[in-house]
Amino acid sequence: METQNFNFVGNINGHRKKLVVITPVENGGVYTNKYCPQELLTGGLGFVVAVNGENLDEFVKDCQKQMIAMEAAGVQKTLLDVHIAGLMGAVMDHLTRCGRLIFGDLLIYMDCFCLLLEADGFSEDEIGDIYPRVTRTIVELYPDYIFNTADLSPFKGSHFDFVLYNLTHK
């Protein structure tokens, strides 16, 4: 497995920035789950190790969508607010196109969001704290539109919803 640099350029919070996302790539796929809590990938099964990712082209498109939405957000109170605006732009675009958001796709958007945060100087501890809280907020904002990955049943009230709730209430 090799590591690859992905360069994204945009006006973020009033400043022209180049964000360099560094992530493992293998067989045309990008491993995105550096900050995703394992419990969200495995359902809390401690003896299973899971990875998350997507093909290289989709990864670049997903990060670019967030960068475009960050630029459109203009200057915000905090740098985190600009990144959240980028994430929400990608989520809203997905909901508009598809009418729903599968939890696994939400995790991919969250992964891209967190890798962009890292590229913009946020610490691993900050990102680790942000990931489940922002994911929970999106689930709460769109409870009727988020579905489980395995069977497309409603996410709200599911086992994975419970796992996510526990991550945000430690």
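The values are calculated or read from the model by the stated rules, or taken from the named source; none is laboratory data. In this text, all values refer to a predicted model and were calculated from it rather than measured experimentally. All Cβ positions, even for glycine, are placed from backbone atoms using ideal geometry, and neighbour counts span all protein chains on display. For the accessible areas, the whole protein counts, side chains as well, though only heavy atoms, and no ligand, DNA or RNA atoms are used. Shrake-Rupley method; radii C 1.70, N 1.55, O 1.52, S 1.80 Å.
Things to note:
- Close amide-amide hydrogen proximity is noted between Leu101 and Ile146, Phe147, each under 5 Å apart and 5 or more residues distant or on a separate chain (H modeled in the peptide plane; Pro and chain starts excluded).
- Near Ile12, the amide H atoms lying under 5 Å from its own belong to Lys17; only residues 5 or more places off or on other chains count, and H is placed 1.01 Å from N.
- Segment 2-168 - charge dipole about Cα centre, Lys and Arg +1 at Cβ, Asp and Glu -1, debye rounded to 20: 420 debye
- Note on Lys77 and Asn27: the model spin-label points, each 7 Å out from Cα along the C-beta direction, lie 4.6 nm apart.
- Prolate/oblate/rounded call for segment 102-170, Cα gyration tensor, a/c under 1.5 rounded: prolate
- Thr96 - accessible surface, heavy atoms, 1.4 Å probe, Å² rounded to 10: 120 Å²
- Compared with the dominant principal axis of the Cα atoms in the chain, helix 124-141 is inclined by about 60°.
- The chain, accessible surface, carbon-and-sulfur percent (1.4 angstrom probe): 54 percent
- Relative contact order %, the chain, counting alpha carbon pairs below 8 Å whose residues are six or more apart: 22 percent
- For Gln4, the amide hydrogen comes within under 5 Å of the amide hydrogens of Thr23, Val25, counting only partners 5 or more places away or on other chains and with H modelled in the peptide plane.
- These residues, Arg100, Arg136, go from largest to smallest accessible area, 1.4 Å probe, as Arg100, Arg136.
- When the Cα positions of Ala69, Tyr109, Phe6 are compared along the charge dipole of segment 2-168, Ala69 comes out farthest toward the positive end, with charges on each C-beta of Lys, Arg, Asp and Glu.
- Given a 1.4 Å probe and the protein chains as shown, Phe6 ends up with an accessible area of around 10 Å².
- Helix-only CD estimate at 222 nm, as mean residue ellipticity for the chain, using -39500 (n - 2.57) per DSSP H run (n ≥ 4): -17000 deg cm²/dmol
- Phi to ³J(HN,Hα) by Karplus 6.51 cos²θ - 1.76 cosθ + 1.60 over segment 92-105, Hz, x for Gly, Pro: 5, 4, 4, 4, 5, 6, 10, x, 7, 9, 6, 3, x, 5
- Global form of segment 40-136, assessed from the alpha-carbon gyration tensor, a/c cut-off 1.5: oblate
- Backbone HN-Hα couplings from phi across segment 65-80 [Karplus 6.51/-1.76/1.60, Hz, Gly and Pro as x]: 4, 5, 5, 4, 5, 5, 5, 5, 5, x, 7, 10, 4, 10, 5, 4
- Area of Cys36 that stays accessible when all protein chains are in place (1.4 Å probe, Å², to 10): 10 Å²
- Going by accessible surface with a 1.4 Å probe and the largest first, Met1, Met110, Met88 read Met1, Met88, Met110.
- Shape category assigned to segment 2-168 from the gyration tensor of Cα positions, a/c cut at 1.5: prolate
- Segment 65-82-segment 113-129 distance, computed between alpha-carbon centres (Å): 15 Å
- Sequence-ordered 3J(HN,Hα) estimates for segment 147-152 from the Karplus curve with 6.51, -1.76 and 1.60 and θ = phi - 60° stand at 10, 5, 5, 5, 10, 6 Hz, glycine and proline given as x.
- Taking Leu141, Leu87 and ordering them by how much accessible surface each has at a 1.4 Å probe, largest first, produces Leu141, Leu87.
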